[in-house]
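*Asks:* Below is the structure I would like to discuss, written out as structure tokens.
A short reminder: the numbers here are calculations on the coordinates, not readings from a lab. Everything numeric here is computed off the predicted structure, so don't read it as measured data. Glycine also receives a Cβ, built like all others from the backbone with ideal geometry; neighbour counts cover every protein chain displayed.
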Amino acid sequence: MYNFIQKLHSGWAYLALLLLLFAVVNALIGFSSKKEFTAKDRKISLFALIGIHTQLLIGLVLYFVSPKGLPVLGQMSNSALRLTSLEHPLINLIAIALITIGWSKHKKLINSEAKFKTFAIFYGLGLILVLSRIPWSLWFQ
């Protein structure tokens, strides 16, 4: 079961990152070109939100069944174990919170430029945080 969930978490990460990157680029283009915020732009951001939240749910299951997650939380001297048991989950929770805040804030805005700016900032910060804590050495095995 662990291997399946670990592969699912790694595989879904490609889709979640692609959706998030697409949403950030779309927001930056929309903001810089001062175009009108449309239903298509909202759907792009929504799919990124859904993709990253699905990744969170898979990651939470993995955290509790993985031998590199909760069981080794106290071993802070080992940097690889610290990454998988503390840094990766914590930073990604913060990133997903920022993305969710960005989604919530955009709903209260009327101006298209403000909506694009909100998505660019919050989704962009979330993307940077996610990329900073991916265990690259484990991902490409």
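*Asks:* Along Cα→Cβ, 7 Å out, is where each label goes; now give me the distance between the ones at Arg82 and Leu46 in nm to one decimal.
*Replies:* Modelled inter-label distance: 4.2 nm.
*Asks:* I would also like to ask the following. Taking 41 Å as R0, compute the FRET efficiency from the Cβ-Cβ separation of Met1 and Leu131 and round it to 0.05. Walk me through the intermediate numbers first.
*Replies:* Working: r = 28 Å, r/R0 = 0.68.
E between Met1 and Leu131, to the nearest 0.05, is 0.90.
*Asks:* Right, something else. Per the helix-only calculation at 222 nm, which mean residue ellipticity applies to the chain, given -39500 (n - 2.57) for every DSSP H run of n ≥ 4 and division by its residues, nearest 500 deg cm²/dmol?
*Replies:* About -26000 deg cm²/dmol.
*Asks:* Given a cut-off of under 8 Å on Cα pairs at least six residues apart, what relative contact order in percent is computed for the chain?
*Replies:* Numbers: 147 pairs, mean separation 44.1, N = 141.
Worked out over the chain, it gives 31 percent.
*Asks:* Using all alpha carbons of region 30-141, what is the percent of pairwise distances in each 10 Å bin, ordered from the shortest bin to the longest?
*Replies:* 14, 39, 25, 15, 7, 0
*Asks:* OK, next. Anything in the chain that counts as a DSSP H helix reaching 30 Å or more along its axis (C-alpha) with Kyte-Doolittle mean of at least 1.0? List them, would you?
*Replies:* Span-like helices in the chain: 2-33, 39-65.
*Asks:* Limiting things to C-alpha atoms, what are the Rg and the maximum Cα-Cα separation (Dmax) for region 1-90, in angstroms?
*Replies:* In order Rg, Dmax, the Cα atoms of region 1-90 give 16.9, 51 Å.
*Asks:* Please report the net charge: other residues with Cβ closer than 15 Å to the Cβ of Tyr63, K and R +1, D and E -1.
*Replies:* Charge balance in the 15 Å sphere: +2.
*Asks:* Okay, next question. Please find the FRET efficiency linking Leu73 to Lys35, where r is the Cβ-Cβ separation and R0 is fixed at 35 Å, and quote it to the nearest 0.05.
*Replies:* Calculated value: 0.15.
*Asks:* Please count, across the chain, the pairs of lysine residues with Cα atoms under 27 Å apart that sit 8 or more places apart or on different chains.
*Replies:* Qualifying lysine pairs in the chain: 28.
*Asks:* Here's something else I'd like to know. May I ask you to order 61-72, 16-27 by the average number of other C-beta atoms within 10 Å around their residues, highest value first? Walk me through the numbers before you get to the answer.
*Replies:* Details: 61-72: 15.8, 16-27: 20.3.
Ranked by mean Cβ neighbours within 10 Å, highest first: 16-27, 61-72.
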